[in-house]
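Every read-out reported here was derived from the displayed coordinates using simple, explicitly stated rules and does not represent laboratory data. All values derive from a computational prediction rather than experimental measurement. With ideal geometry, Cβ positions are generated from the backbone for all residues, glycine too; neighbour counts draw on all protein chains shown.
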Amino acid sequence: MAFVILFFVAMWAGAQNALAGGGSFLTLPTLMFTGMDALAANITSCVALFPAQIATGWTGRKFASGAGGLSLRTLFLISIAGGVIGAGVLLLTPRGLFAQLAPWLVLFATAIFGWGSFLRKPGASHVHPPAPLVGLLQFLISIYGGYFGGGIGFLMMAALTTAGQDVRAASATKNVLAGVMNASAVAIFVFSPDLHATQALITAVGATIGGVFGSRLLQVIDPKLLRALVLCVGAALTVGLFLRAG
């Protein structure tokens, strides 16, 4: 029964990622429900959501571009390097320490999600940062993405639009870069004993199916309602993880 629930939750997570992001908010607690601890669930979720991320990034690749004076190739390489470092740090993090960090990471990701969804003004003017700062921001986001991943889409959207990209280009670029940074993490995580292959396969299939249909749902679902639901899920997960850690 737990695996059946996981499959349908993964479908919704895939659709949610295609629509508004935050799919890992759903897969992380559901994987923990199947018997994993927080570290194993995070590793398994990262690997399992990767195929859907690749499909999303490939679909919108023609709209992706460089930003802040840096080429897409440069951002690509920065994302790979940061993802590898973040994944390596995660594997070196003691299991008990990650269990204590998980609620704070989810809280941070939820706060970023809420800011990006309801508080940030898309049309606000910005003073574009210099190329080295854009590269540094992407590198730090990539390390965070390889380590945890929740909320990286909103972090990158904020950084890329601040660097001068319009919303559509930033959305396409962050999808490509998210797949890239997670690819480097996945290449490390597939060798981890904490990867649960059965749950990863179920989640990957469900998330990919959900992602395919997610783009079609864009025209029938109120985006504000969806973002509100995602925020509620993140808040509930934060509370639950704090209680579990305590």
- Message: I want to check the label-to-label distance for ASP194 and LEU72. Put each point 7 Å from Cα in the C-beta direction and report it in nm to one decimal.
- Response: 3.4
- Can you give me the span-like helices of the chain, meaning DSSP H runs with 20 Å or more of Cα extent along the axis and Kyte-Doolittle mean at or above 1.6? 2-19, 72-92
- Helix-derived [θ] at 222 nm for the chain: sum -39500 (n - 2.57) over DSSP H runs of at least 4, divide by residue count, nearest 500? -25500 deg cm²/dmol
- Report the charge-dipole magnitude of the chain in Debye, nearest 20, computed about the Cα centre from +1 at each Lys and Arg Cβ and -1 at each Asp and Glu Cβ. 460
- Query: Mind checking Rg over Rh on the chain, alpha carbons, Kirkwood formula for Rh?
  - Reply: 0.94
- With the Cα gyration tensor of region 1-110 giving a ≥ b ≥ c as the square roots of its eigenvalues, does the rule (a/c under 1.5 for rounded; else a/b larger than b/c for prolate; else oblate) give rounded, prolate or oblate? oblate
- Charge dipole (the chain, unit charges on Cβ, about Cα centre) - positive-most of GLN199, LEU177, PRO51: LEU177
- Task: Take each of the peptides 68-81, 185-198, 2-15, average the number of other beta-carbon atoms within 10 Å over its residues, and list them starting from the highest.
- Result: 2-15, 68-81, 185-198
- Label-to-label distance, nm, for residues given as ASP37 and THR93 (7 Å Cα→Cβ offset): 1.3
- Message: Just to verify a number: FRET efficiency for LEU201 and TRP58, C-beta to C-beta distance, R0 = 22 Å, to 0.05?
- Response: 0.60
- Note on the structure: Quick calc: nm separation of the 7 Å Cα→Cβ label points for LEU243 and ASP166 -> 4.6
- Query: What residue among ASN17, ILE143, PHE3 has its Cα farthest toward the positive end of the dipole of region 2-245, where the charges are +1 on Lys, Arg and -1 on Asp, Glu, each on the Cβ?
  - Reply: ASN17
- Message: Over the chain, what is the relative contact order in percent, taking alpha-carbon pairs closer than 8 angstrom and at least six residues apart?
- Response: 41
- Message: Rounded, prolate or oblate for region 39-101? Axes are the square roots of the Cα gyration tensor eigenvalues, ordered a ≥ b ≥ c, and the cut-off for rounded is a/c under 1.5.
- Response: oblate
- Query: Can you give the relative contact order of region 1-42 as a percent, counting alpha carbon pairs under 8 Å and 6+ residues apart?
  - Reply: 36
